[in-house]
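No value in this document is a laboratory result; all are computed from the given coordinates. Small disclaimer: the values here were computed from a predicted structure and weren't measured. Virtual Cβ from ideal backbone geometry, glycine too; neighbours counted across all protein chains shown.
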Amino acid sequence: MTRTFDHLVAEAESVSVDGWDFSWLDGRATEQRPSWGYQRLLARHLAQVDSALDIQTGGGEVLAGAGPLPRLTVATESWPPNIDKATRLLHPLGAVVVADSDEPPLPFGDGAFDFVSSRHPVTIWWEEIARVLKPGGTYLSQQVGPASVFELVEYFLGPQPEEVRRGRHPDDAVAAATKAGLEVVDLRSERLRTEFHDIGAVIYFLRKVIWMVPGFTVGQYRDRLRELHEQIEHEGPFVAHTARFLIEARKTG
């Protein structure tokens, strides 16, 4: 039986958006995955080092799923609900979770880690990453690229200026890494098909990924949400494209 707009809205507004687990969207939205397999690459690196730092770990789900952790593993996170979730998930695996403001400096000494990772960081402090890496250490990150899911963003906010659409470009990441003294040894970029099958999935996504439509609330966008609900009902899933890039950099010296 087809669920009504009001039912889908109420359901999506009531569900928790803590952590970085998107399993609530199973059957309601699909996202093509990058071909490189970030978690598999992460696991490979973790197996080869004695010390690792995962920055902006979210709820710790990605790190926890990457297999056995090094003897010294630390994760940082700033959002209190995620700190609690990551602590419960990662402490039994031997990792320490540090509450951090996501502002420099990182609360660690120079050359503290063999390996630093971050999946979908909101901010990247390249100089700090270089500082806490040991010489020869590696930084691995999967990041959101330019104009990611902008079909959805612009549905609500209207056309965005070119400087906004170009934000988070891989070329800028390479330049910043190089300036910080890191040598980029791998860079890959892909655009991936994403489908939203009902308006509840859209609401959940925008509540969870809060920087897509800043300040998003159902009340503010209810009319636009209803129009999109009717569009999905009559035309099928709303299609957007995520942008992802993988960057691996090494500290020389």
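Applying the selection to the stretch 28-61, what residues are more than 16 Å from TYR139 (Cα to Cα) and outside any loop (DSSP other than H, G, I, E, B)?
Matches in the stretch 28-61: ALA29, THR30, GLU31, GLU61.
In the stretch 104-148, how many are touching a helix residue (DSSP H, G or I) at 6+ places or on another chain (Cβ under 6 Å) and at positive phi?
Residues in the stretch 104-148 being touching a helix residue (DSSP H, G or I) at 6+ places or on another chain (Cβ under 6 Å) and at positive phi: 1 in total.
Hey, can you tell me all the residues within the stretch 30-47 that are over 17 Å from the mean Cα position of the chain (by Cα) and touching a residue at least 24 places away in the same chain (Cβ under 8 Å)?
We begin by selecting, within the stretch 30-47, every residue over 17 Å from the mean Cα position of the chain (by Cα); these are 43-47.
Passing the criteria: ALA43, HIS45, LEU46.
Given the conditions (1) over 25 Å from ARG191 (Cβ atoms); (2) assigned to a helix (DSSP H, G or I), and given that GLY19 satisfies all but one, which numbered condition is not satisfied?
(2)
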